[in-house]
Amino acid sequence: MYFQKNIETMKRSELNALQLTKLKKMVSYCYNNVPFYHEKLTEANVFDGSKIKDLSDLQYIPFTTKDDIRENYPFNMMARPMKDIVRVHASSGTTGKPTVGVYTKEDLDIWSDCVARVATAGGATADDIIQISFGYGLFTGALGLHYGLEKLGATVIPASSGNTKKQLMMFRDFGVTGLVATPSYALYLSEAVKDAGFPLSDYRLRLGILGSEPCTPEMREEIEKNLNITVSDNYGMTELGGPGVSGDCPVRKGMHFAEDHFLPEIINKDCQVQPEGTVGELVVTTLSRQGMPVLRYRTKDITRLDYSPCECGRTHVRMSKTLGRTDDMLIIKGVNVFPSQIESVLIGTPHIGPHYQLIVRRKNFRDSLEVKVELIDGSLLVNFSGLEALQRDIHDKLKSVLGLETKVTLVEPKSLERFQGKAKRVLDLRNES
Ligand code: DLL
């Protein structure tokens, strides 16, 4: 099932021609309407879009970074006067000033199309009753999915996050068939469903439209098993407008980009554009956004692009699940460690649940990594040799995957923090000692 079949299955040659036309227009639009880009494009001798003859000319356009957006906080990257802006969203800003995104009416309309596309690709239909358990507010996730799903014709329940008992009550009483949440919150709710003691047959849940943070295949399987649903992964970010940038199709071998609205590239550490299939940092140019367009935005997300044909019939490029972010990669004793590698080892190991915490410390100039893992039930707590064997097993698996010594600590069931939004599993104490 497609939401906009003609566009989603467009021939690549036509898609590339459309992208080129839109790119030329977008570069001129930025040059003429955003002082920041006027200056940057002038410095780079690109000026307006007339110098762009081919998609590969994108390489001459300067990058935009999160710092650029922050330095222009809140509205200096806007391309339209405020009277044309109908909505403002922002990221949580946990690591500094929030990044702000603004939308014209047309932006909202296109955004809903993009979300309706990924929701349809993830299995949602007009017959679904979908509970949105993302936190409503400045975060793009809740309102983005809300309007996209309404456009699709699904019944939307704007539950927001929190109040777990009520979440489960609504699942049962309203006959909810779909859940929208972060993977962490879906996991939390799936535990709550088990604890509530109602049989799974009391729930009509069949699909999960998850996103906004990494979800390893192992984590996905755990959520699917616990809630008896099929999960699709969805990617996006505030700087690009929110969810709807890319999402899983039924084949689930990468998330299809909305390539008519977003032009992706992959760069390496030296900012050189990489050939197809190479892992590197994702860079995205918006081709349609009017309120706050961005040219070559460095997402810091590490992924790979796959242009090969997909069995689902969609022709738009697929990005693989992110391996992490350039800024969440931990460097411990010179070894690069992504939390997702650790998660893949932990989930699937018997006796332990999917909850963990990584603590990095520095003592006498030496880094150490402690991996706290939660036991599924307390029965093993009285079996010392069993605990020791489990600890050793996890330690050895981590050593072989990471090539690094870790301290594995097993903790009691339900003792680690649970998350209603994005999980924060890494505690880096190195700058505090
Ligand atoms: O998380 C937008 C969103 C909402 C996407 C709902 C999907 C669903 P931000 O809060 O600005 O926006 O966070 C963006 O979150 O750069 C990634 O590092 C991460 N991220 C988002 N989706 C995924 C995903 C929203 N599916 C940042 N897998 C991005 C991995 C993701 N990481």
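Quick look at the values:
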read-out: For region 330-428, alpha-carbon Rg relative to the globular expectation (2.2 N^0.38 Å, N residues); value: 1.06
read-out: Relative contact order, percent, region 33-168 [alpha-carbon distance under 8 Å, six or more residues apart]; value: 18 percent
read-out: Kirkwood-based shape ratio for region 159-215, expressed as Rg/Rh from alpha carbons; value: 0.93
read-out: Descending principal axes extents, region 8-105, alpha-carbon based, whole Å; value: 40, 36, 29
read-out: Environment charge at ARG366 (Cβ cut-off 12 Å; Lys +1, Arg +1, Asp -1, Glu -1); value: +3
read-out: Dipole axis of the chain (+1 Lys, Arg; -1 Asp, Glu on Cβ), positive-most option in ALA79, TYR185, CYS215; value: ALA79
read-out: Label-to-label distance, nm, for residues given as SER56 and LEU416 (7 Å Cα→Cβ offset); value: 4.7 nm
read-out: Highest to lowest packing among 175-181, 329-335, 343-349, scored as the average C-beta count within 10 Å; value: 175-181, 343-349, 329-335
read-out: Rounded tilt (10° steps) of 217-227 against the dominant C-alpha axis of the chain; value: 70 degrees
read-out: Positive-end residue, region 280-406 charge dipole about Cα centroid, Cβ charges, pick of PRO350, VAL401, MET319; value: MET319
read-out: Rounded tilt (10° steps) of 105-121 against the dominant C-alpha axis of the chain; value: 40 degrees
read-out: Protein accessible area in the chain, 1.4 Å probe - carbon and sulfur %; value: 52 percent
read-out: Net charge of Cβ neighbours under 15 Å - reference GLY153; Lys, Arg +1; Asp, Glu -1; value: -2
read-out: Accessible area per residue, Å², region 330-428 with all protein chains present, probe 1.4 Å; value: 53 Å²
read-out: Rounded to 5, percent antiparallel among DSSP beta bridges of region 330-428; value: 60 percent
read-out: Cut-off 12 Å between beta-carbons: net charge of the residues surrounding ILE130, Lys and Arg +1, Asp and Glu -1; value: -1
read-out: More than 18 Å apart - percent of Cα-Cα pairs taken over region 132-285; value: 61 percent
read-out: Order of exposure, largest accessible area first, which applies to ILE394, ILE110 with probe 1.4 Å; value: ILE110, ILE394
read-out: C-alpha long axis of helix 12-33 to longest principal axis of the chain, angle in °; value: 70 degrees
read-out: For the chain, alpha-carbon Rg over 2.2 N^0.38 Å; value: 1.02
read-out: The chain: relative contact order as a whole-number percent, Cα under 8 Å and 6+ apart; value: 14 percent
read-out: Helical contribution to [θ] at 222 nm, DSSP H n ≥ 4, -39,500 (n - 2.57), averaged over the chain, rounded to 500; value: -9500 deg cm²/dmol
read-out: Test item: Cα-centred dipole of the chain, Lys/Arg +1 and Asp/Glu -1 on Cβ, debye; value: 380 debye
read-out: Share antiparallel - DSSP beta bridges, the chain, percent rounded to 5; value: 60 percent
read-out: 1.4 Å probe accessible area per residue over region 1-323, in Å²; value: 41 Å²
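The values are calculated or read from the model by the stated rules, or taken from the named source; none is laboratory data. Keep in mind that this is a model prediction, so the values were computed, not measured. Cβ atoms come from the backbone with ideal geometry, glycine included; neighbour counts cover every protein chain shown. Note: accessible area is taken over every heavy atom of the protein model, side chains too, but ligands, DNA and RNA are not part of it. Shrake-Rupley method; radii C 1.70, N 1.55, O 1.52, S 1.80 Å.
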